[in-house]
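These notes concern the structure reproduced below.
The values are calculated or read from the model by the stated rules, or taken from the named source; none is laboratory data. Keep in mind that what you see is a predicted model, and the values were worked out from it rather than measured. Positions of Cβ are backbone-derived with ideal geometry, glycine not excepted, and every protein chain shown enters the neighbour counts.
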Amino acid sequence: MFAVGADFTAGFVPRLDTDPYFKATGEGAAEAQKEISGTSLLVAPSTAKGEAQIPFINNLVSKKVNVISISAADSNSVAPALRRALAQKN
């Protein structure tokens, strides 16, 4: 369980940076994050491919975010990066 506060950071990785649905959910997440403090980061590739999401996952890990939420374009492609992220968190 994470304590939410000023040092809490949530990262969101949608399939595609231009998808209107994910833009709206990212805006909603940013508004909610303001209410509970902390930071919300929305990062996404310009192509809807799993391998395009991996650098964004790795970047969020390097920023030491507390949680990563992803809409995987290809779950098999991103699974190894997410496993590495989880291993680094533990």
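Values for this structure:
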item: Unique residue being in contact with a Lys or Arg (Cβ under 8 Å, 6 or more places away or on another chain), hydrophobic (A, V, I, L, M, F, W, C) and either part of a strand (DSSP E or B) or surrounded by fewer than 18 Cβ atoms within 10 Å (Cβ to Cβ) (or both) when the list is Leu41, Leu86; result: Leu41
item: Given (1) in a helix (DSSP H, G or I); (2) at pLDDT below 95, index of the condition Ile54 fails; result: (2)
item: Residue match in region 18-33 (condition: at negative phi, in contact with a strand residue (DSSP E or B) (Cβ under 7 Å, 6 or more places away or on another chain) and assigned to a loop (DSSP other than H, G, I, E, B)); result: no
